[in-house]
1. Taking a virtual spin label 7 Å from the Cα of residue 74 along the C-beta vector, which residues in the stretch 24-59 bring their backbone nitrogen under 14 Å of it?
2. Which of 351, 202 has the fewest other C-beta atoms within 10 Å, and how do the rest follow up to the most?
3. Provide the packing ranking of 271-278, 228-235, 58-65, i.e. peptides ordered by the mean count of other C-beta atoms within 10 Å per residue, highest first.
4. Given the C-alpha atoms of the stretch 31-185, compute the convex hull and give its volume per residue in Å³.
5. What length, rounded to one decimal in nm, is gained on full extension from residue 53 through to residue 284, with 0.36 nm per residue of separation minus their alpha-carbon distance?
6. Counting other C-beta atoms within 10 Å, which of 103, 158, 219 has the fewest, and how do the rest follow?
7. In nm, give the distance between the simple-model label positions of residue 21 and residue 119, each being 7 Å from the Cα along the Cα-to-Cβ direction.
8. Which one of 73, 263, 198 has the biggest mean-square fluctuation once the chain is modelled by GNM with Cα springs under 10 Å?
């Protein structure tokens, strides 16, 4: 966490509070701190800073660490630290089409965060939702926020999700420049989202200049949600400016690693029609013109098809420079549940196995990346240990998610898509921490 040498930290900068729609009522600082620490996160975004009630609660629950722009819980010994962040939705018309784009805003202080909220209040109701809907252009959002402080950091959220994203098939654009217009140069990073990973984004040469980061967008503090995607960074100093500098640099010495779920696990990886139970990869969706073969209605276009439409590089392309490493993981609860035949990650038997592993290894990330198979088997059982090793070796396959349905873990060995594994490297988390 923050006591580590060289200030290496695993960060999840995009989550939500209980004031966002469809979010657990237990999303408070105490719960977030508890489960983030179990996960192995060192830094978490507060989420929802624009919501007045959550903003007041944050000011009561958090205190700044030595004018650093980093905050710690006042009434907890948790080693987890926080940075002020929030997601907003801009809704505007462009080229006679309604655009709905989600963005994450990070601020270095509550003073600046409050000034941002004051500006945004004229564009929408901040009390209606922790992720407010704002009637303004994406470029206008960036201009308004960064005019308050050049330290404000904004990035487009889950850039490939069909709804509410930069490249979304339904309300998005074909390029970042079309979206952010004259403010495009102020955008330094993009967020992969659950249904894409770095290799999928590398297929677009126009994205080479951006840092690729990963966050969970979690609506729950449970370990199978928070930190399911994250970014490992090496900060020059334990501060907000150190974090922003590390991301913006795009150098492997500072942006060391992104932790990604297998894109197939995401809810929109393949094209499909949930009502008919139909899903298919990009090549098959293209053959049927993205129409459901059962009912004839248009399917929700999958991220793999959308990437293929915009890509100017082949599957498997790897940039020669600025290529941050990544690793595919799945939440440990999900892996345990699949290994012992349980449908729900929240089952008591899954928690029992999970807690035994954490007693041995300390955090979930240490279990998943910093452990040997024999030690895993001793702390749990061979089936769970085998599943974790398969996952590390890209042999644990996932039936792709589609049209709002999460992917399903399969324990049988399989051959992974080369585009997903081309730069994945075996490593031990303790080599970094």
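Laboratory data are not the source of any read-out in this text; all were calculated from the coordinates shown. Every value quoted in this text rests on a predicted model; they were computed, and no experiment measured them. Every residue, glycine as well, gets a Cβ built from its backbone with ideal geometry; the counts of neighbours run over all protein chains shown.
1. 29-30, 55-59
2. Lowest to highest Cβ neighbour count: 351, 202.
3. On the way: 271-278: 18.9, 228-235: 25.4, 58-65: 15.8.
Peptide ranking by packing, descending: 228-235, 271-278, 58-65.
4. Output value, Cα hull per residue: 119 Å³.
5. Here the answer is 78.4 nm.
6. So the ranking, lowest neighbour count to highest, is 219, 103, 158.
7. 2.6
8. Highest fluctuation among the options: 73.
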